[in-house]
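Report on the following structure.
The values are calculated or read from the model by the stated rules, or taken from the named source; none is laboratory data. Computed from a prediction, not measured in an experiment: that's the story for all the values here. A quick note on method: Cβ atoms are made from the backbone with ideal geometry, for glycine too, and the neighbour counts reach across all protein chains shown. The protein model used for the area step is the full one, side chains on, heavy atoms only, and it has no ligands, DNA or RNA in it. Shrake-Rupley method; radii C 1.70, N 1.55, O 1.52, S 1.80 Å.
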Amino acid sequence: MKLICDGLDLADAVLKVIKATATKTTNPILEGIKLVAEGECLKLSATDLELMIETTITADVKIEGVVVVPGKFFSEYVRKLTNEQITIESCENNQLKLSYTDSEGYMQCLNADEFPNIQKISNEQYFEIDKKNFVDAINKTIFSVSLDDSRPLFKGCNFEVGDDALTVVALDGYRMSVVKKRISYSTNKTSFVVPAKSLSEITKVIDDKDENIKVYYQKQFVMIEQDGAVIISRLLDGEFINYRNLITQADFTTIATVNKKQLEDALDRTSLLARVEKNNIAKFEIKDKNLGILSNSEIGNIHENVTISLNGADLVTAFNSRYFIECMKVINDEFINLNFTTAIAPCIVKPCAGDEFLFLILPVRIIN
């Protein structure tokens, strides 16, 4: 292999693919980045067997070839060469040489034959959605995924693809996020679960242009393409829980309409005690036109009051404030509805109009 490429292009490409390398593994090849020089391009790819990222840059290829470089070292090295024209060439003893201005560096490569084959995804099944709506759906749900390894299916977001809408759901046993977005087209109705780690990397690659993106899927994989980068994620096995059964079907007895920003600020202040004593419990006292939020600890207490519009009965209940704060941070609406049935039933957070999102938060039992 021998080629010449721009240092900035190479650094940007490496920054994209390095996110798919394994960080904790007994297989060193999964820590590597595969470089393929062919035609007029240099293709870079990395995978941890769950996530694969591949991207291509323009290069002056003198000799075609394939090598696998140590991902972390290569990434840190090329990030310091963004102002250089770099000549990359393979040498004896499976080494790679990088030459720039009057300097050069060498690194020991990994065995390219051991690099996993990348799954190819067909373009037969897909749905098409506005980029911003796709990223927003992920951001509004991903924080609710479970971190518990004993429930692997809940470590991802469930995607329900309909004829004209995409519903994304995440839950961890204490709270649930449901977001619905319109889609422009889908080849068929389906559902699948995408790991949270993969979704996090996908959102970092997608730009914020006002245009649609196609999301391709097949039995075990999902794929997107963005600005020359291809991201493929393995799907989680199993059938997602019937989340609709978790949503209270009874009529709400207490509905509080509140300014989202005021509620978020009040919760943020009451959670200050949690940072000291790790006590996230916030007591809600809903009465007349006021929502009182109380937080107590040995070092002090905070009592916040937020003006609300109340429809229904007074109520006293309590929640983990962190769950509410994380929910508030992803909502853009000025006003929202907090819906209750009883003090020990979940609170359901919804927009004042429409059904774009729904957040369900379980209460904490309190002793009066």
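A few points about this structure:
- Fraction of the pair-distance distribution of segment 319-368 above 16 Å, Cα-Cα pairs, percent: 40 percent
- Between LYS80, LYS289, LYS43, the GNM of the chain built on Cα springs shorter than 10 angstrom shows LYS80 fluctuating the most.
- Projected onto their three principal axes, the Cα atoms of segment 1-83 cover extents of 35, 24, 16 Å, largest first.
- For ARG182, the shell of other residues with beta-carbons less than 11 Å away shows a net charge of -3, using +1 for Lys and Arg and -1 for Asp and Glu.
- Rounded to the nearest 10 degrees, the angle from helix 196-205 to the longest Cα principal axis of the chain is 70 degrees.
- Rg and Dmax over the alpha-carbon atoms of segment 126-177 stand at 11.8, 34 Å.
- Overall Cα dimensions of segment 183-281, principal axis frame, Å, largest first: 46, 35, 30
- Ordering ILE286, GLY105, PHE134 by Cα displacement along the dipole of the chain toward the positive end leaves ILE286 in first place; charges were set at the Cβ atoms of Lys, Arg (+1) and Asp, Glu (-1).
- Principal axes of the chain: Cα extent on each, largest first, Å: 78, 52, 38
- Crossing angle, helix 260-270 versus the chain [Cα axis fit, 0-90 degrees, rounded to tens]: 90 degrees
- Cross-link table LYS283/LYS329; LYS19/LYS214; LYS24/LYS72; LYS120/LYS197; LYS132/LYS209, entries beyond 18 Å C-alpha to C-alpha: LYS283/LYS329; LYS19/LYS214; LYS120/LYS197
- Here, segment 189-348 has an Rg and a Dmax of 20.3, 56 Å when only alpha carbons are counted.
- Cα long-axis angle, helix 7-17 against the chain (0 to 90 degrees, to the nearest 10): 50 degrees
- Gained length - ILE302 relative to LYS62, 0.36 nm times residue gap less alpha-carbon distance: 79.5 nm
- Rounded to the nearest 10 Å², the accessible area of LYS132 at probe 1.4 Å: 90 Å²
- Counting 0.36 nm for each residue step from LYS214 to ARG79 and taking away their Cα separation leaves a gain of 45.5 nm.
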